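Chemist: The following block contains the structure, expressed as structure tokens.
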Amino acid sequence: MFLYDTTVKLHMTDAAGVLFFGNYFTLAHDAYEQYMNTIGFNFHTIITDEPFLILIVHADADFLKPIHAGDAVRISMQADNIGRTSFTLGYQLATLDGTVIARLHTIHVVIKKKNQRPVAIPEKLKKALEALL
């Protein structure tokens, strides 16, 4: 499990001061990017230098409690499934006291840039993801 702490920013909320639903995914993706950086997969490098891309092909969420600007959030991320060319990540967003705010899932597919076809998950990435199972 990978843990990422952050704070809800004012610009992420709607007119009622509640986190806008799409920004739950922004917070989850921030955790994902941080994890990828810690295991040596910087997205700038992937986009510019690697022969593959990692695309999100599905996302879903259950919104359980509202959260507001200034609230601290702890995001826990784990791998739910790892296939040959794709993997599923699960996220739980909670307050620092453990109250669960939302649960999200994203499915990622690794594709070859040249022909946009699925390719095997790079071995280094696969091993890092297996540590999150």
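Chemist: Please verify whether residue 16 is small (Gly, Ala, Ser) and not in a loop (DSSP other than H, G, I, E, B), treating the condition exactly as stated. First the steps, then the outcome.
Modeler: Values: small (Gly, Ala, Ser): yes; not in a loop (DSSP other than H, G, I, E, B): no.
Here the answer is no, as residue 16 does not meet what is asked.
Chemist: OK, next. So residue 40 clears everything in (1) at negative phi; (2) surrounded by fewer than 16 Cβ atoms within 10 Å (Cβ to Cβ) except one condition, right? Which one?
Modeler: Answer for residue 40: the failing condition is (1).
Chemist: Take the range 40-74 and flag every residue that is within 16 Å of residue 87 (Cβ to Cβ) and under 18 Å from the mean Cα position of the chain (by Cα).
Modeler: Passing the criteria: 41, 43, 46, 53, 54, 55, 56, 57, 58, 59, 60.
Chemist: Of the residues that make up the range 102-118, is at least one loosely packed, with under 13 Cβ neighbours inside 10 Å, in contact with a Lys or Arg (Cβ under 6 Å, 6 or more places away or on another chain) and farther than 17 Å from residue 1 by Cβ?
Modeler: no
Computed from the coordinates by the stated procedures, all read-outs in this text should not be read as laboratory data. As the structure is a prediction and not an experimental result, all values here were calculated from the model. As a convention, Cβ positions derive from the backbone with ideal geometry for all residues, glycine included, and neighbour counts pool all protein chains shown.
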